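The values are calculated or read from the model by the stated rules, or taken from the named source; none is laboratory data. Every value quoted in this text rests on a predicted model; they were computed, and no experiment measured them. Please note: Cβ atoms are built from the backbone with ideal geometry, for glycine as well, and neighbour counts cover all protein chains shown. Surface areas here come from the heavy atoms of the whole protein model, side chains and all, with no ligands, DNA or RNA. Shrake-Rupley method; radii C 1.70, N 1.55, O 1.52, S 1.80 Å.
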Amino acid sequence: MATDKGGGLTYAQAGVDIDAGNAMVEAIKPLVRATARPGADAVIGGFGGLFDLKAAGFKDPVLVAANDGVGTKVKIAIETGKHDTIGVDLVAMSVNDLVVQGAEPLFFLDYFATGKLAPHVGAQVIAGVAKACREAGCALIGGETAEMPGLYNEGDYDLAGFAVGAAERGTLLPRPDIADGDVLIGLRSSGLHSNGFSLVRHIVDLSGLPWEAPAPFEPEQAIGAALLEPTRLYVKPILAALRSTTGIKALAHITGGGFPDNIPRVLPDGLAAVVELSAVPAQPVFKWLAAVGGVTEAEMLRTFNCGIGMVVVVAAAEADAVTAAFEQAGEEPVRLGRLAPRKDGQAVVYKGQLDLALPNP
């Protein structure tokens, strides 16, 4: 029989504390149970999570899956000690990718990797994950916590998320009838969301501001907390608009790559998006980053969402009805432009300029 009486090394001495991992699991169980929904009881602890599509009301479903992380935004959470919102970002990045394909998010799994597990930090992160799952209507049915000394420095951690959704066969987006003259509607972002943070952190370094300093673009908050504003969850308003109208043909989640890389992903080869930049509601954070970093308009548009987190392609005749549906769901949609025949290979054409001017002091 194995014994440690001879003074042999233990896993804990090598830097991995199984008891800490178990303590974190116990701490998050109530958070996970709160995400239960039809099809899943959201109980963790087994070797796999279960989901019953029939119990969720699907008849002939197609499954849609997505995974993502939060990039170097996690470094700001670590350096500020504010861990309660980064889990919201993790969920939002994946479930927003599901809903743009017309799918309802069903369940989510997380991966939390760290050098040395601090259960209270992990629990704060998972609290954000659970909060976002509840808002998106998906169950948190499992995950993995990995303690890896030597790979991560103590205090560092990284996150990955995996979401699965479903849509009834024949309802997936984008639709095949996208056409010249279709209208582009934008849904506002909450700020930076989870992209471009390597550039953001470099600009903050250039500014010389510590994380606890008042944010020049939002003085009532510290700059670290302001930059951690979580990614918006678009699931409920989009599903509501899809169910109450018939005009939505496609959606594009504006993540890394901004307008020029994300909008063309849902367009036929012969069509271009003509975007009126004056309609883009750039928040103060984008104006500050552009000014302090000397970032050009083209670079802003390809790195950040610039104030629009989701672009909706809508049949022109139904644009008013879709706009009203989003307003009914609590959104403030903006008309961004239209689709037109593509010329010279340009999939996104800009008209006018972004308003990146800092307000007068």
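Side notes on the structure shown:
- Residue list for region 57-106, filter: among the hydrophobic types (A, V, I, L, M, F, W, C), assigned to a helix (DSSP H, G or I) and open to solvent by less than 20 Å² (accessible area, probe 1.4 Å): V74, I76, A77, I86, V88, L90, V91, A92, M93, V95, L98, V99
- In region 130-182, the qualifying residues are those that are modelled with pLDDT of 95 or more and of a type in the set (V, I, T), and the one that is most open to solvent (accessible area, probe 1.4 Å) is T171.
- Scan of region 263-281 for residues that are under 15 Å from L336 (Cβ atoms), open to solvent by 10 Å² or more (accessible area, probe 1.4 Å) and assigned to a helix (DSSP H, G or I), ordered by number: P264, V266, S278, A279
- Residue within region 253-262 that is open to solvent by 10 Å² or more (accessible area, probe 1.4 Å), outside any helix (DSSP H, G or I) and closer than 16 Å to A315 by Cβ present: no
- Region 12-53, subset among the polar types (S, T, N, Q) and at pLDDT 80 or above, residue least open to solvent (accessible area, probe 1.4 Å): T35
- Matching residues in region 349-361 - criterion: being on the phi < 0 side of the Ramachandran plot and open to solvent by 20 Å² or more (accessible area, probe 1.4 Å): V349, Y350, K351, Q353, D355, L356, A357, L358, P359, N360, P361
- For A240, the conditions (1) more than 30 Å from V314 (Cα to Cα); (2) of a type in the set (A, V, I, L, M); (3) open to solvent by 40 Å² or more (accessible area, probe 1.4 Å) are fulfilled apart from (1).
- T171, sole failed condition from (1) under 19 Å from the mean Cα position of the chain (by Cα); (2) of a type in the set (S, T, N, Q); (3) farther than 30 Å from K82 by Cα: (1)
- A2 open to solvent by less than 20 Å² (accessible area, probe 1.4 Å), modelled with pLDDT under 95 and not hydroxyl-bearing (S, T, Y): no
- Long-range neighbours under 7 Å by Cβ, at least six apart or interchain, first residue closer than 15 Å to A316 by Cβ within region 330-343, second crowded, with 22+ Cβ neighbours inside 10 Å and among the charged types (D, E, K, R): R338/D182; L339/D182
- Summed over region 314-345, the residues that are buried (at least 19 other Cβ atoms within 10 Å of the Cβ) and either hydroxyl-bearing (S, T, Y) or under 20 Å from the mean Cα position of the chain (by Cα) (or both) give a count of 4.
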